[in-house]
Amino acid sequence: MGHELPEAVGLQREVVYMRDHGHLVVLGTAGSGKTTMAIHRAVYLASEAPQSKGRTLLVTFNRALVTYLRTGARAPALTVENVHTFARGYLASRKQLRGRQICEATSFLPAALSEVRNRHPDRPLMGQSLRFFEDELHWISGHGVNDLGAYNREPRVGRIRPLSQADKALVFEVREAYHRRRRAQGFRYDWDDLASAVRQELTHDTSPRLYRHIVVDEGQDFTPEMIRALAAAVPPNGSLTFFGDYAQQMYGSRMSWKSLGLRVSRPVEFQQNYRNTQQIARLAVAMSEMPHFRDDVDLVVPKAPRADGPKPTVWVHDSPAAQLRSAAKWARELRSSHRVAVLLRTRDEEKQLSDLLGQPATRLHKEMTRWPTGPGVFYGTYHAAKGLEFDAVVLPWCDTDQLPLPSEVDGHGMEEAMAREARLLYVAATRARTNLVLMHSSKLTPLMPPETSDLYERVGT
(Lines give C-alpha, C1' and ligand atoms only; values in the text may rest on other atoms or scores of the structure.)
Protein backbone atom coordinates (compact mmCIF):
# COMPACT_ATOMS: atom_id res chain seq x y z
CA MET A 1 0.00 0.00 0.00
CA GLY A 2 1.34 3.45 -0.79
CA HIS A 3 2.67 5.88 1.75
CA GLU A 4 -0.36 8.18 1.49
CA LEU A 5 -3.75 7.01 2.70
CA PRO A 6 -6.23 7.05 -0.21
CA GLU A 7 -9.36 9.12 0.18
CA ALA A 8 -12.63 7.26 0.63
CA VAL A 9 -14.77 7.61 -2.49
CA GLY A 10 -18.40 6.99 -3.40
CA LEU A 11 -20.04 4.31 -1.29
CA GLN A 12 -16.85 4.06 0.74
CA ARG A 13 -17.56 7.53 2.15
CA GLU A 14 -21.10 6.48 3.06
CA VAL A 15 -19.71 3.59 5.12
CA VAL A 16 -17.20 5.84 6.88
CA TYR A 17 -20.02 8.11 8.06
CA MET A 18 -22.71 5.51 8.70
CA ARG A 19 -24.53 5.41 12.02
CA ASP A 20 -22.28 5.62 15.05
CA HIS A 21 -24.09 3.08 17.22
CA GLY A 22 -24.84 -0.62 17.01
CA HIS A 23 -23.19 -3.19 14.75
CA LEU A 24 -22.20 -2.77 11.11
CA VAL A 25 -20.72 -5.48 8.86
CA VAL A 26 -18.98 -4.52 5.63
CA LEU A 27 -17.95 -7.31 3.24
CA GLY A 28 -15.85 -6.54 0.22
CA THR A 29 -13.86 -8.24 -2.46
CA ALA A 30 -10.09 -7.96 -2.56
CA GLY A 31 -9.13 -4.43 -3.59
CA SER A 32 -12.40 -2.83 -2.52
CA GLY A 33 -10.71 -0.54 -0.01
CA LYS A 34 -11.75 -2.18 3.25
CA THR A 35 -8.60 -1.12 5.08
CA THR A 36 -8.94 2.44 3.75
CA MET A 37 -12.53 2.54 5.00
CA ALA A 38 -11.55 1.03 8.36
CA ILE A 39 -8.92 3.72 8.96
CA HIS A 40 -11.18 6.60 7.93
CA ARG A 41 -14.07 5.27 9.98
CA ALA A 42 -11.91 4.79 13.06
CA VAL A 43 -10.61 8.36 12.82
CA TYR A 44 -14.16 9.65 12.32
CA LEU A 45 -15.52 7.81 15.35
CA ALA A 46 -12.61 8.87 17.51
CA SER A 47 -12.60 12.55 16.67
CA GLU A 48 -15.41 13.70 14.39
CA ALA A 49 -18.71 11.90 15.09
CA PRO A 50 -21.01 14.76 16.14
CA GLN A 51 -22.97 12.98 18.87
CA SER A 52 -20.81 10.06 19.95
CA LYS A 53 -17.13 10.60 19.25
CA GLY A 54 -15.02 8.87 21.86
CA ARG A 55 -12.22 6.44 22.51
CA THR A 56 -11.95 4.08 19.57
CA LEU A 57 -10.03 0.87 18.98
CA LEU A 58 -8.93 -0.07 15.47
CA VAL A 59 -8.03 -3.74 15.76
CA THR A 60 -6.69 -6.31 13.33
CA PHE A 61 -5.15 -9.78 13.53
CA ASN A 62 -1.90 -9.30 11.64
CA ARG A 63 0.72 -7.38 13.60
CA ALA A 64 2.57 -6.27 10.47
CA LEU A 65 -0.67 -4.64 9.32
CA VAL A 66 -0.90 -2.80 12.66
CA THR A 67 2.30 -0.94 11.75
CA TYR A 68 0.78 0.17 8.43
CA LEU A 69 -2.54 1.17 10.02
CA ARG A 70 -0.77 3.43 12.48
CA THR A 71 0.66 5.50 9.63
CA GLY A 72 -2.83 6.63 8.61
CA ALA A 73 -5.01 6.15 11.70
CA ARG A 74 -4.05 9.14 13.81
CA ALA A 75 -6.30 10.78 16.36
CA PRO A 76 -5.80 11.50 20.10
CA ALA A 77 -8.60 9.13 21.13
CA LEU A 78 -7.65 6.33 18.71
CA THR A 79 -5.72 3.18 19.61
CA VAL A 80 -4.44 0.75 16.95
CA GLU A 81 -3.37 -2.73 18.02
CA ASN A 82 -3.78 -6.38 17.22
CA VAL A 83 -6.41 -8.48 18.92
CA HIS A 84 -4.00 -10.37 21.17
CA THR A 85 -2.51 -7.12 22.49
CA PHE A 86 -6.02 -5.90 23.30
CA ALA A 87 -6.85 -9.17 25.06
CA ARG A 88 -3.66 -9.18 27.13
CA GLY A 89 -4.17 -5.59 28.20
CA TYR A 90 -7.76 -6.17 29.26
CA LEU A 91 -7.02 -9.37 31.19
CA ALA A 92 -4.08 -7.71 32.94
CA SER A 93 -6.29 -4.75 33.93
CA ARG A 94 -8.71 -7.20 35.51
CA LYS A 95 -5.94 -9.09 37.36
CA GLN A 96 -6.63 -12.16 35.24
CA LEU A 97 -3.16 -12.16 33.71
CA ARG A 98 -0.02 -11.80 35.74
CA GLY A 99 3.49 -12.12 34.44
CA ARG A 100 4.33 -15.00 32.15
CA GLN A 101 1.11 -17.00 31.99
CA ILE A 102 0.70 -17.40 28.21
CA CYS A 103 2.42 -20.27 26.42
CA GLU A 104 2.75 -21.51 22.87
CA ALA A 105 0.63 -24.61 22.36
CA THR A 106 3.57 -26.32 20.70
CA SER A 107 5.45 -26.26 24.00
CA PHE A 108 3.23 -28.91 25.60
CA LEU A 109 1.08 -30.44 22.87
CA PRO A 110 3.69 -32.93 21.52
CA ALA A 111 4.08 -34.59 24.94
CA ALA A 112 0.30 -34.61 25.45
CA LEU A 113 -0.19 -36.27 22.07
CA SER A 114 2.43 -38.91 22.87
CA GLU A 115 0.68 -39.64 26.16
CA VAL A 116 -2.67 -40.28 24.46
CA ARG A 117 -1.04 -42.25 21.62
CA ASN A 118 0.48 -44.57 24.21
CA ARG A 119 -2.97 -45.18 25.69
CA HIS A 120 -4.62 -45.79 22.29
CA PRO A 121 -1.91 -47.16 19.98
CA ASP A 122 -4.37 -48.91 17.68
CA ARG A 123 -6.72 -46.00 16.98
CA PRO A 124 -6.27 -44.70 13.42
CA LEU A 125 -6.74 -41.08 14.49
CA MET A 126 -3.60 -41.34 16.59
CA GLY A 127 -1.65 -41.61 13.35
CA GLN A 128 -2.57 -38.05 12.45
CA SER A 129 0.23 -35.48 12.55
CA LEU A 130 0.89 -32.95 15.29
CA ARG A 131 -0.24 -30.27 12.82
CA PHE A 132 -3.67 -31.91 12.67
CA PHE A 133 -4.13 -31.74 16.44
CA GLU A 134 -2.80 -28.19 16.62
CA ASP A 135 -5.42 -27.16 14.08
CA GLU A 136 -8.24 -28.99 15.84
CA LEU A 137 -7.44 -27.48 19.24
CA HIS A 138 -7.19 -24.06 17.61
CA TRP A 139 -10.68 -24.57 16.18
CA ILE A 140 -12.10 -25.74 19.53
CA SER A 141 -10.75 -22.72 21.39
CA GLY A 142 -11.64 -20.32 18.60
CA HIS A 143 -15.28 -21.41 18.72
CA GLY A 144 -15.55 -21.29 22.51
CA VAL A 145 -16.15 -25.04 22.81
CA ASN A 146 -15.57 -26.08 26.43
CA ASP A 147 -16.78 -29.66 26.66
CA LEU A 148 -17.10 -32.78 24.56
CA GLY A 149 -20.87 -32.48 24.27
CA ALA A 150 -20.57 -29.02 22.72
CA TYR A 151 -17.81 -30.28 20.42
CA ASN A 152 -20.10 -33.06 19.18
CA ARG A 153 -22.97 -30.64 18.60
CA GLU A 154 -21.00 -27.86 16.91
CA PRO A 155 -20.93 -28.02 13.09
CA ARG A 156 -17.23 -28.34 12.21
CA VAL A 157 -16.98 -25.75 9.44
CA GLY A 158 -13.58 -25.73 7.80
CA ARG A 159 -12.91 -29.47 7.84
CA ILE A 160 -14.07 -31.21 4.68
CA ARG A 161 -14.16 -34.70 6.22
CA PRO A 162 -15.93 -34.52 9.60
CA LEU A 163 -14.66 -36.51 12.56
CA SER A 164 -16.73 -39.23 14.18
CA GLN A 165 -17.81 -38.75 17.80
CA ALA A 166 -15.35 -41.45 18.85
CA ASP A 167 -12.53 -39.52 17.18
CA LYS A 168 -13.71 -36.27 18.74
CA ALA A 169 -13.48 -37.95 22.14
CA LEU A 170 -9.82 -38.73 21.41
CA VAL A 171 -9.16 -35.14 20.35
CA PHE A 172 -10.65 -33.96 23.64
CA GLU A 173 -8.50 -36.43 25.53
CA VAL A 174 -5.44 -34.89 23.88
CA ARG A 175 -6.75 -31.43 24.77
CA GLU A 176 -7.21 -32.37 28.43
CA ALA A 177 -3.71 -33.87 28.60
CA TYR A 178 -2.31 -30.69 27.06
CA HIS A 179 -4.14 -28.50 29.59
CA ARG A 180 -2.86 -30.61 32.51
CA ARG A 181 0.73 -30.33 31.36
CA ARG A 182 0.38 -26.63 30.74
CA ARG A 183 -1.15 -25.87 34.13
CA ALA A 184 1.53 -27.92 35.87
CA GLN A 185 4.11 -25.46 34.51
CA GLY A 186 2.16 -22.39 35.61
CA PHE A 187 0.67 -21.41 32.25
CA ARG A 188 -2.96 -20.33 32.49
CA TYR A 189 -3.50 -19.60 28.80
CA ASP A 190 -2.25 -20.13 25.30
CA TRP A 191 -2.88 -17.53 22.61
CA ASP A 192 -6.08 -19.23 21.45
CA ASP A 193 -7.58 -19.07 24.95
CA LEU A 194 -7.39 -15.31 25.37
CA ALA A 195 -10.57 -14.39 23.50
CA SER A 196 -12.78 -16.71 25.60
CA ALA A 197 -11.10 -15.45 28.76
CA VAL A 198 -11.86 -11.86 27.75
CA ARG A 199 -15.46 -12.65 26.90
CA GLN A 200 -16.00 -14.49 30.18
CA GLU A 201 -14.47 -11.66 32.20
CA LEU A 202 -16.57 -9.05 30.40
CA THR A 203 -19.76 -10.80 31.54
CA HIS A 204 -18.79 -9.95 35.13
CA ASP A 205 -17.28 -6.53 34.43
CA THR A 206 -19.71 -3.74 35.31
CA SER A 207 -17.14 -0.95 35.00
CA PRO A 208 -17.36 1.50 32.07
CA ARG A 209 -15.99 0.09 28.84
CA LEU A 210 -12.59 1.44 27.79
CA TYR A 211 -13.65 2.03 24.18
CA ARG A 212 -16.90 3.46 22.90
CA HIS A 213 -16.23 2.26 19.38
CA ILE A 214 -14.35 -0.72 17.93
CA VAL A 215 -13.44 -1.07 14.26
CA VAL A 216 -12.27 -4.50 13.05
CA ASP A 217 -10.08 -4.70 9.94
CA GLU A 218 -9.45 -8.02 8.14
CA GLY A 219 -12.18 -9.53 10.30
CA GLN A 220 -12.23 -12.78 8.31
CA ASP A 221 -9.07 -13.81 10.17
CA PHE A 222 -10.67 -13.51 13.61
CA THR A 223 -12.05 -16.54 15.38
CA PRO A 224 -15.72 -16.43 16.45
CA GLU A 225 -14.64 -15.99 20.08
CA MET A 226 -12.55 -12.95 19.16
CA ILE A 227 -15.55 -11.31 17.50
CA ARG A 228 -17.82 -12.17 20.43
CA ALA A 229 -15.30 -10.72 22.88
CA LEU A 230 -15.01 -7.49 20.91
CA ALA A 231 -18.79 -7.21 20.64
CA ALA A 232 -19.04 -7.61 24.42
CA ALA A 233 -16.40 -4.90 24.89
CA VAL A 234 -18.59 -2.23 23.26
CA PRO A 235 -21.03 -0.28 25.49
CA PRO A 236 -24.74 -0.04 24.59
CA ASN A 237 -24.26 3.50 23.25
CA GLY A 238 -21.23 2.56 21.17
CA SER A 239 -20.56 0.72 17.92
CA LEU A 240 -18.67 -2.18 16.39
CA THR A 241 -17.80 -2.05 12.68
CA PHE A 242 -16.55 -5.26 11.04
CA PHE A 243 -14.67 -5.17 7.72
CA GLY A 244 -13.91 -8.51 6.08
CA ASP A 245 -13.56 -10.57 2.90
CA TYR A 246 -14.48 -14.21 3.26
CA ALA A 247 -12.71 -15.14 0.03
CA GLN A 248 -9.54 -14.50 2.05
CA GLN A 249 -10.69 -16.34 5.17
CA MET A 250 -8.18 -18.88 6.48
CA TYR A 251 -9.33 -20.18 9.83
CA GLY A 252 -12.53 -22.14 9.21
CA SER A 253 -14.57 -19.82 11.41
CA ARG A 254 -17.65 -19.28 9.30
CA MET A 255 -20.80 -18.75 11.39
CA SER A 256 -23.92 -16.60 11.36
CA TRP A 257 -23.60 -12.98 12.41
CA LYS A 258 -26.03 -13.60 15.26
CA SER A 259 -23.93 -16.47 16.61
CA LEU A 260 -20.93 -14.12 16.55
CA GLY A 261 -22.74 -11.72 18.85
CA LEU A 262 -23.48 -9.19 16.10
CA ARG A 263 -26.94 -7.74 15.56
CA VAL A 264 -26.89 -7.22 11.80
CA SER A 265 -29.88 -7.39 9.48
CA ARG A 266 -27.79 -7.33 6.31
CA PRO A 267 -24.10 -6.70 5.59
CA VAL A 268 -23.00 -3.88 3.33
CA GLU A 269 -21.32 -5.39 0.26
CA PHE A 270 -18.57 -3.87 -1.90
CA GLN A 271 -18.08 -5.36 -5.33
CA GLN A 272 -15.89 -2.68 -6.88
CA ASN A 273 -12.21 -3.57 -7.06
CA TYR A 274 -10.16 -0.37 -6.75
CA ARG A 275 -6.76 -2.08 -6.48
CA ASN A 276 -6.15 -4.71 -9.13
CA THR A 277 -6.06 -4.34 -12.89
CA GLN A 278 -8.69 -6.15 -14.92
CA GLN A 279 -6.15 -8.82 -15.78
CA ILE A 280 -5.17 -9.58 -12.17
CA ALA A 281 -8.79 -9.46 -11.03
CA ARG A 282 -9.88 -11.94 -13.73
CA LEU A 283 -7.21 -14.38 -12.61
CA ALA A 284 -8.24 -14.00 -8.96
CA VAL A 285 -11.90 -14.59 -9.79
CA ALA A 286 -10.98 -17.71 -11.77
CA MET A 287 -8.94 -18.98 -8.81
CA SER A 288 -11.92 -18.48 -6.48
CA GLU A 289 -14.21 -20.38 -8.87
CA MET A 290 -12.07 -23.54 -8.95
CA PRO A 291 -13.62 -26.63 -7.32
CA HIS A 292 -11.23 -26.75 -4.36
CA PHE A 293 -12.09 -23.16 -3.30
CA ARG A 294 -14.68 -24.40 -0.79
CA ASP A 295 -17.13 -22.85 1.68
CA ASP A 296 -18.23 -19.86 -0.34
CA VAL A 297 -20.96 -18.43 1.90
CA ASP A 298 -20.72 -14.63 2.11
CA LEU A 299 -18.34 -14.32 -0.84
CA VAL A 300 -18.80 -11.02 -2.64
CA VAL A 301 -18.63 -11.42 -6.40
CA PRO A 302 -16.34 -8.63 -7.65
CA LYS A 303 -17.11 -6.26 -10.47
CA ALA A 304 -14.38 -5.91 -13.06
CA PRO A 305 -12.07 -3.00 -12.24
CA ARG A 306 -11.59 -0.23 -14.78
CA ALA A 307 -7.78 -0.20 -14.61
CA ASP A 308 -6.01 -1.98 -17.43
CA GLY A 309 -2.57 -3.61 -17.35
CA PRO A 310 -0.46 -6.55 -18.49
CA LYS A 311 -1.54 -10.12 -17.99
CA PRO A 312 -0.07 -11.87 -14.96
CA THR A 313 3.08 -13.81 -15.86
CA VAL A 314 3.90 -17.42 -15.02
CA TRP A 315 7.67 -17.71 -15.27
CA VAL A 316 9.29 -21.14 -15.62
CA HIS A 317 12.79 -21.64 -14.18
CA ASP A 318 15.30 -24.49 -14.07
CA SER A 319 15.27 -24.92 -10.29
CA PRO A 320 13.83 -23.54 -7.03
CA ALA A 321 17.12 -21.71 -6.41
CA ALA A 322 16.90 -20.09 -9.83
CA GLN A 323 13.39 -18.92 -8.99
CA LEU A 324 14.61 -17.16 -5.87
CA ARG A 325 17.52 -15.51 -7.66
CA SER A 326 15.24 -14.35 -10.45
CA ALA A 327 12.62 -13.02 -8.04
CA ALA A 328 15.25 -11.02 -6.17
CA LYS A 329 16.71 -9.61 -9.41
CA TRP A 330 13.25 -8.60 -10.66
CA ALA A 331 12.51 -6.86 -7.36
CA ARG A 332 15.84 -5.02 -7.34
CA GLU A 333 15.21 -3.71 -10.85
CA LEU A 334 11.85 -2.25 -9.82
CA ARG A 335 12.76 -0.94 -6.38
CA SER A 336 13.56 2.62 -7.46
CA SER A 337 10.16 3.25 -9.06
CA HIS A 338 7.73 0.73 -7.54
CA ARG A 339 6.66 -0.75 -4.26
CA VAL A 340 7.40 -4.38 -4.98
CA ALA A 341 6.93 -7.45 -2.79
CA VAL A 342 8.41 -10.94 -2.94
CA LEU A 343 6.04 -13.20 -1.03
CA LEU A 344 6.75 -16.71 0.24
CA ARG A 345 4.48 -19.41 1.62
CA THR A 346 6.68 -19.95 4.72
CA ARG A 347 9.49 -18.11 6.49
CA ASP A 348 12.03 -20.88 5.84
CA GLU A 349 13.86 -19.12 2.99
CA GLU A 350 13.56 -15.51 4.17
CA LYS A 351 17.24 -15.21 5.14
CA GLN A 352 18.38 -16.53 1.77
CA LEU A 353 16.01 -14.13 -0.01
CA SER A 354 17.19 -11.22 2.14
CA ASP A 355 20.81 -11.85 1.12
CA LEU A 356 19.80 -11.87 -2.54
CA LEU A 357 17.71 -8.71 -2.28
CA GLY A 358 20.41 -6.69 -0.55
CA GLN A 359 19.66 -3.42 1.18
CA PRO A 360 17.39 -1.65 1.57
CA ALA A 361 14.58 -4.24 1.80
CA THR A 362 11.78 -4.39 4.36
CA ARG A 363 10.78 -7.70 5.91
CA LEU A 364 7.08 -7.96 6.72
CA HIS A 365 6.87 -9.37 10.23
CA LYS A 366 5.00 -8.98 13.51
CA GLU A 367 7.67 -6.89 15.24
CA MET A 368 7.66 -4.10 12.65
CA THR A 369 7.66 -0.65 14.26
CA ARG A 370 8.03 1.56 11.17
CA TRP A 371 6.28 1.64 7.80
CA PRO A 372 8.55 2.81 4.95
CA THR A 373 7.31 5.43 2.51
CA GLY A 374 7.89 5.66 -1.22
CA PRO A 375 9.18 2.99 -3.61
CA GLY A 376 11.10 0.00 -2.30
CA VAL A 377 11.28 -3.75 -1.81
CA PHE A 378 9.29 -5.75 0.73
CA TYR A 379 9.41 -9.46 1.45
CA GLY A 380 7.66 -11.89 3.76
CA THR A 381 4.99 -14.56 3.89
CA TYR A 382 1.54 -14.62 2.35
CA HIS A 383 0.14 -14.23 5.87
CA ALA A 384 2.28 -11.20 6.65
CA ALA A 385 1.07 -9.41 3.50
CA LYS A 386 -2.62 -9.60 4.37
CA GLY A 387 -4.36 -6.24 4.17
CA LEU A 388 -1.45 -4.68 2.26
CA GLU A 389 -0.97 -3.84 -1.41
CA PHE A 390 2.02 -3.29 -3.68
CA ASP A 391 2.53 -2.08 -7.22
CA ALA A 392 4.16 -5.38 -8.15
CA VAL A 393 4.22 -8.83 -6.53
CA VAL A 394 6.30 -11.89 -7.34
CA LEU A 395 5.46 -15.33 -5.93
CA PRO A 396 8.29 -17.88 -6.22
CA TRP A 397 7.75 -21.61 -5.64
CA CYS A 398 4.28 -21.98 -7.08
CA ASP A 399 5.15 -25.60 -7.86
CA THR A 400 2.81 -28.51 -7.37
CA ASP A 401 5.12 -29.98 -4.71
CA GLN A 402 5.16 -26.67 -2.78
CA LEU A 403 1.53 -25.54 -3.09
CA PRO A 404 -0.32 -26.96 -1.32
CA LEU A 405 2.36 -27.03 1.35
CA PRO A 406 3.42 -30.63 2.10
CA SER A 407 2.95 -30.16 5.85
CA GLU A 408 -0.64 -29.05 5.23
CA VAL A 409 -1.24 -32.17 3.13
CA ASP A 410 0.24 -34.32 5.91
CA GLY A 411 -1.90 -32.63 8.53
CA HIS A 412 -5.22 -32.44 6.71
CA GLY A 413 -5.15 -34.60 3.61
CA MET A 414 -4.91 -33.37 0.03
CA GLU A 415 -8.53 -32.29 -0.41
CA GLU A 416 -8.65 -30.07 2.64
CA ALA A 417 -5.12 -28.76 2.14
CA MET A 418 -6.10 -27.67 -1.37
CA ALA A 419 -9.09 -25.74 0.01
CA ARG A 420 -6.99 -23.98 2.65
CA GLU A 421 -4.01 -23.19 0.45
CA ALA A 422 -6.23 -21.87 -2.36
CA ARG A 423 -7.34 -19.00 -0.13
CA LEU A 424 -3.77 -18.20 0.81
CA LEU A 425 -2.64 -18.05 -2.82
CA TYR A 426 -5.66 -15.85 -3.57
CA VAL A 427 -4.54 -13.47 -0.82
CA ALA A 428 -0.99 -13.33 -2.16
CA ALA A 429 -2.02 -12.77 -5.78
CA THR A 430 -4.48 -10.00 -4.97
CA ARG A 431 -1.83 -7.93 -3.18
CA ALA A 432 -0.61 -6.80 -6.65
CA ARG A 433 -1.94 -3.59 -8.13
CA THR A 434 -0.52 -3.78 -11.66
CA ASN A 435 2.14 -6.49 -12.01
CA LEU A 436 1.89 -10.09 -10.82
CA VAL A 437 4.50 -12.77 -11.47
CA LEU A 438 4.28 -16.41 -10.35
CA MET A 439 7.26 -18.74 -10.67
CA HIS A 440 7.75 -22.49 -10.80
CA SER A 441 10.38 -24.96 -11.98
CA SER A 442 8.47 -28.26 -11.93
CA LYS A 443 4.74 -28.56 -12.59
CA LEU A 444 2.61 -25.48 -11.85
CA THR A 445 0.49 -25.75 -8.70
CA PRO A 446 -3.01 -27.13 -9.28
CA LEU A 447 -4.33 -24.15 -7.31
CA MET A 448 -3.88 -22.09 -10.48
CA PRO A 449 -6.24 -22.24 -13.47
CA PRO A 450 -4.82 -24.18 -16.44
CA GLU A 451 -2.81 -22.51 -19.16
CA THR A 452 -5.75 -22.93 -21.53
CA SER A 453 -7.65 -20.37 -19.46
CA ASP A 454 -5.60 -17.67 -21.25
CA LEU A 455 -5.47 -15.67 -17.98
CA TYR A 456 -1.68 -15.43 -17.84
CA GLU A 457 1.39 -15.38 -20.06
CA ARG A 458 3.97 -18.13 -19.77
CA VAL A 459 7.64 -17.19 -19.97
CA GLY A 460 10.63 -19.56 -20.09
CA THR A 461 11.03 -23.22 -20.94
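The values are calculated or read from the model by the stated rules, or taken from the named source; none is laboratory data. Just so it is clear, the structure is predicted and the values come from calculations on it, not from any experiment. No Cβ is skipped: glycine too gets one built from the backbone with ideal geometry, and neighbour counts run over all protein chains shown. With ligands, DNA and RNA removed, areas are computed over all heavy atoms of the protein, side chains included. Shrake-Rupley method; radii C 1.70, N 1.55, O 1.52, S 1.80 Å.
Quick check on the chain: take the gyration tensor over C-alpha atoms, sort the square-rooted eigenvalues as a ≥ b ≥ c, and tell me if it's rounded (a/c under 1.5), prolate or oblate. Oblate is the answer for the chain, as a/c is 1.5 or above yet b/c matches or exceeds a/b.
If you roll a 1.4 Å probe over the heavy atoms of the protein chains, what accessible area per residue do you get for the chain, in Å²?
Heavy-atom accessible area per residue stands at 42 Å².
The peptide list 419-428, 213-222, put in order of mean Cβ contacts within 10 Å with the highest first, becomes 213-222, 419-428. Spatial offset of region 431-451 relative to region 325-347 amounts to 15 Å, using the alpha carbon center of each.
In the chain, helices alone account for a calculated mean residue ellipticity at 222 nm of -11000 deg cm²/dmol, with every DSSP H run of four or more residues adding -39,500 (n - 2.57). Please work out whether region 5-82 counts as rounded, prolate or oblate from its C-alpha gyration tensor, where a ≥ b ≥ c are the square roots of the eigenvalues and a/c under 1.5 means rounded, while otherwise a/b larger than b/c means prolate and anything else oblate? Oblate, because a/c is 1.5 or more while a/b does not exceed b/c. Placing a label point 7 Å from the Cα of residue 18 along the Cα-to-Cβ direction, the residues of region 259-280 whose backbone N falls under 14 Å from that point are 262-271.
Kindly rank 389-401, 333-345 from highest to lowest mean number of other beta carbons found within 10 Å of each residue.
Working: 389-401: 22.2, 333-345: 20.2.
Listed from highest to lowest mean packing, they are 389-401, 333-345.
Quick check on region 1-149: take the gyration tensor over C-alpha atoms, sort the square-rooted eigenvalues as a ≥ b ≥ c, and tell me if it's rounded (a/c under 1.5), prolate or oblate. Prolate is the answer for region 1-149, as a/c is 1.5 or above and a/b outweighs b/c. Return the subset of 366/443; 34/443; 311/443 for which the Cα-Cα distance in this structure is over 27 Å, preserving the input order. The pairs that break the limit, which is 27 Å between Cα atoms, are 366/443; 34/443.
Amide hydrogen proximity for residue 270: with H placed 1.01 Å from N in the peptide plane, the residues at 5 or more positions away or on another chain lying under 5 Å are 27, 28, 29. Accessible area of the chain with a 1.4 Å probe: how many percent of it is carbon plus sulfur? Summing carbon and sulfur atoms, their accessible area is 50 percent of the total for the chain. Note on residue 329: lysines with a C-alpha under 19 Å away, same-chain residues under 8 apart excluded, are 351.
Ranked by the mean number of other Cβ atoms within 10 Å per residue, highest first, peptides 62-71, 168-177 order as 62-71, 168-177. For residue 242, the residues 5 or more places off, or on other chains, whose built amide H falls under 5 Å of its own are 24, 25, 26, 216.
Taking amide H as placed 1.01 Å from N in the peptide plane, residue 376 has its amide H under 5 Å from the amide H of 338, 339, 340, each at least 5 places away in sequence or on another chain.
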